[in-house]
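Following: one structure in structure tokens, then a few remarks.
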Amino acid sequence: MLPFKKKAIIFAQGDASDGLFFIQQGKVRLSVEAEGGKKAILGILGEDDFFGESGLAGQLVRTSSATAVTDCVLLHIEKKAMMQAMSREPKLSATFVNCLLKRVIRYQDDLVDQLSNVSEKRLARVLLLMAHFGKEEVVDIPVSGLSQGTLAEMVGTTRSRVSFFMNRFRKLGFINYDARDNLRVHSSLLSVCAER
């Protein structure tokens, strides 16, 4: 078990791949940087997510960077230990594969979203995904570490556009901030995704 403070670098793109991580507590941002310096956020993962698993498939170096968005507690699992555990525990293998398949589907959906939707819809989708929408009518998202700049990188637009849309969503009652400065996402935000 390894603790990481908010904004700590867990691993950097190009580091040696020495195993994978399981998030016990907190949130982690995965990002990539192209040779020209252009950056993209692949996603923000939360509790019960695995990340850094590419070494299991034979990649020797990290193809992305991982940064703590909040204070985190992570379980670091060496490649050999994970391979042995999966061969002995079919339930672990099924859980791990399920986690990876969900992430692949999410990345495919993100790509389609980038190619076919305007930035307002992409922002609404990101907020709904981060709120793990579908279970409750109103979902709280802790705002710490979730800046408009981070949202802009995830959506593929500018911080000023995100600010404009967030203010619009707030005025329309799709989101609001509670007394503890948590972002509250309402089911009515789904209507933005449904617009043609």
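For the range 98-111, indicate whether the set of residues that are under 15 Å from LEU151 (Cβ atoms) and either at pLDDT below 90 or among the small types (Gly, Ala, Ser) (or both) is non-empty. If you could, list the steps in order and put the result at the bottom.
Step one: filter the range 98-111 for residues under 15 Å from LEU151 (Cβ atoms), giving 110.
The next check asks that each one be either at pLDDT below 90 or among the small types (Gly, Ala, Ser) (or both); those that pass are 110.
Looking for residues that are under 15 Å from LEU151 (Cβ atoms) and either at pLDDT below 90 or among the small types (Gly, Ala, Ser) (or both), one finds at least one in the range 98-111, hence yes.
Output the qualifying pairs, or none if there are none: Cβ atoms under 8 angstrom, residues six or more apart or on different chains, first residue in the range 12-27 and more than 22 Å from LYS39 (Cβ to Cβ), second residue buried (at least 17 other Cβ atoms within 10 Å of the Cβ) and small (Gly, Ala, Ser).
Pairs that qualify, where the first residue is more than 22 Å from LYS39 (Cβ to Cβ) and the partner is buried (at least 17 other Cβ atoms within 10 Å of the Cβ) and small (Gly, Ala, Ser), are ASP18/GLY55; GLY19/GLY52; GLY19/GLY55; LEU20/GLY52; LEU20/GLY55.
Counting only residues that are basic (Lys, Arg), surrounded by 11 or more Cβ atoms within 10 Å (Cβ to Cβ) and assigned to a helix (DSSP H, G or I), how many does the range 59-101 have?
Filtering the range 59-101 down to residues basic (Lys, Arg) leaves 62, 79-80, 88, 91.
With the extra rule that they be surrounded by 11 or more Cβ atoms within 10 Å (Cβ to Cβ), the set shrinks to 62, 79.
Now narrow it down to the ones that are assigned to a helix (DSSP H, G or I): 79.
The total comes to 1.
Restricting to the range 134-160, name every residue that is over 16 Å from GLY43 (Cα atoms) and either buried (at least 19 other Cβ atoms within 10 Å of the Cβ) or at pLDDT 65 or above (or both).
The answer is VAL139, THR158, ARG159, SER160.
For every residue, the table says whether it meets (1) modelled with pLDDT of 90 or more; (2) among the small types (Gly, Ala, Ser); (3) within 26 Å of SER147 (Cβ to Cβ).
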residue: ALA34; (1), (2), (3): no, yes, yes
residue: LYS39; (1), (2), (3): no, no, yes
residue: GLY52; (1), (2), (3): yes, yes, yes
residue: LEU56; (1), (2), (3): no, no, no
residue: SER64; (1), (2), (3): yes, yes, yes
residue: LEU75; (1), (2), (3): yes, no, no
residue: ALA81; (1), (2), (3): yes, yes, no
residue: GLU89; (1), (2), (3): yes, no, no
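Scan the range 35-58 residue by residue and report those that are under 17 Å from LEU20 (Cα atoms) and in a strand (DSSP E or B). Write out each step before concluding.
At the first step, the residues of the range 35-58 found to be under 17 Å from LEU20 (Cα atoms) are 42-58.
Hits for the range 35-58 are LEU42, GLY43, ILE44, LEU45, PHE50, PHE51.
The values are calculated or read from the model by the stated rules, or taken from the named source; none is laboratory data. All values reported here derive from a predicted model rather than from experimental measurement. Don't worry about glycine lacking a Cβ; one is built from the backbone with ideal geometry, like all the others, and counts go over all protein chains shown.
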